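**Student:** Just dropping this structure here.
The values are calculated or read from the model by the stated rules, or taken from the named source; none is laboratory data. Please read these numbers as outputs of a predicted model, since none were measured by experiment. Note: ideal-geometry Cβ built from the backbone for every residue, glycine included; neighbour counts use all protein chains shown.
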Amino acid sequence: MGTIDGDDWYFKIIENAFIKNASPNGWNKVGNINYYVTMGNNARVYSNIENRETIADYNQQFNFRYNKNFSNDKNKEASVTNTFYLINLMHDIFFNLGFTEEKGNFQVENYSGKGIGNDPMTVIIHNYHFASDAVEMNGKDLVRKYFYQNCPFMCTSTPSDGQYPIIHMTNLDYATANHGIIHEYTHAVTRRMSSYGRNDNCFSDGNSSEMNEALSEFFASSIAFKKKNNPTKFGDLYTVPDISKYAHAFGEFFAGALSDAFFLVCDYYRCDPNMLQEFGNMELYELPYNPYYIDLRNAIIEEAENNYIIRDDKFFKCLLWIGFAKRGLGYNANNEIEYRNGNYHYINNYDVPESCKDYSYLI
Ligand SMILES: [Zn+2]
């Protein structure tokens, strides 16, 4: 696995990468069919949108070398294999974080009989230039047309359970952009998890679209155990006429709050994938349609109260509050806005509940 921008991901050969409880038959088997290509129960990765080509290895080793001095096309086998690896790994990690068959996860065959199958994550790489507007708009491939109109870089489309989601990449470069791939995969998970396996898009308007980006950014960083160091706070956010343009930038504040809370827990408990599991295993069923930041904060706290591991652990719960309070989304934060520096801003609040006062030195 690797990235194009040289951050912490790197290429290495990994054997038996699948996580047994999430993918009991491995990553290449669907029913009795054993695929020798980048297809399996959790993922299908196509290197070419026109012919839906996959990468094949008849030994099922997929041991392709990546050379950063080579062209995209020469690295195609390694890059596409990297995407196949990462999509499967995300399937297995999110499965263990609670995104199971019952919750509408992405699998051809649902072993438990719960949820609807036939919906593996499908990645389509569009590694060439588009034709003219007229030609593209008259094309018969509806998937291609949709992404031509809507996707300048890398995007996700997630229909309801039983219909396969698609990550579309406009260029092979993205096949090694692991942070971006996890970001997109998380969008698909958020969509399914917040809509109970249906296609109700309750995370798309206003603040909720920022939180949607925040969740994707949080997981893309935390799965690689990287901190979000962006100092943005709740009070930095202001009302704008077209929120969609600001969703990624404003979402950084909430991704930062989650990251702060996660790394506090890491520091005081332990910092390993099991901890990520305890932290991420939150269902957020209390969330209203198009939530505000406070709603999502409350749903996470509520989930911790209900979590059988966390609920009796006062310090753990206080670390969550401290993560939020550090970013101005403290106990007494509300949805009021004030006029400041030419815009209407939320107001920072650094309070923690009375029960966490002993730990407020951590803020
Ligand atoms: Zn995004």
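**Student:** Out of all the residues in region 203-222, which are part of a loop (DSSP other than H, G, I, E, B) and either without any contact (Cβ under 8 Å) to a residue 60 or more places away in the chain or surrounded by fewer than 22 Cβ atoms within 10 Å (Cβ to Cβ) (or both)?
**Tutor:** Of everything in region 203-222, those that are part of a loop (DSSP other than H, G, I, E, B) and either without any contact (Cβ under 8 Å) to a residue 60 or more places away in the chain or surrounded by fewer than 22 Cβ atoms within 10 Å (Cβ to Cβ) (or both) turn out to be SER204, ASP205.
**Student:** Please go through region 158-194 and give me each residue that is β-branched (Val, Ile, Thr), within 16 Å of the ligand (Cβ to nearest atom) and touching a Ser or Thr at 6+ places or on another chain (Cβ under 9 Å), ordered by number.
**Tutor:** THR158, ILE166, ILE167, ILE181, ILE182, THR186, VAL189, THR190
**Student:** Which pairs turn up if I take residues in region 163-184 that are closer than 17 Å to PHE94 by Cα and look for partners that are within 12 Å of the ligand (Cβ to nearest atom) and of a type in the set (Asp, Glu) with beta carbon separation below 9 Å, at least 6 apart in sequence or on another chain?
**Tutor:** Pairs found: ILE167/GLU184; HIS179/GLU217; HIS183/GLU213; HIS183/GLU217.
**Student:** Sort through LYS20, LYS29 and tell me the only one that's under 26 Å from the mean Cα position of the chain (by Cα), under 17 Å from GLN107 (Cβ atoms) and at pLDDT 95 or above.
**Tutor:** Step by step, each of LYS20, LYS29 is checked, and only LYS29 is under 26 Å from the mean Cα position of the chain (by Cα), under 17 Å from GLN107 (Cβ atoms) and at pLDDT 95 or above.
**Student:** Would you please name the residue that is nearest to the ligand (Cβ to nearest atom), looking only at residues in region 215-226 that are of a type in the set (Gly, Ala, Ser) and over 15 Å from MET193 (Cα atoms)?
**Tutor:** ALA220
**Student:** Can you pull out the residues in region 331-346 that are of a type outside the set (D, E, K, R), more than 28 Å from the chain's Cα centre (by Cα) and either not in a strand (DSSP E or B) or not assigned by TED's automatic domain parsing to the domain that holds LEU237 (or both)?
**Tutor:** Within region 331-346, ASN332, ASN341, GLY342 qualify.
**Student:** Just give me the residues in region 13-50 being touching an Asp or Glu at 6+ places or on another chain (Cβ under 7 Å) and among the aliphatic types (A, V, I, L, M), in sequence order.
**Tutor:** Selection gives ILE19, ALA22, VAL30.
**Student:** Could I ask something else about it? Can you tell me which residue in region 86-131 is surrounded by the fewest Cβ atoms within 10 Å (Cβ to Cβ), limited to those that are free of Cβ contacts under 8 Å to residues at least 40 places away in the same chain, hydroxyl-bearing (Ser, Thr, Tyr) and within 19 Å of LYS29 (Cα to Cα)?
**Tutor:** My answer is SER112.
**Student:** Report whether or not GLU354 is at pLDDT below 90 and surrounded by fewer than 17 Cβ atoms within 10 Å (Cβ to Cβ).
**Tutor:** no
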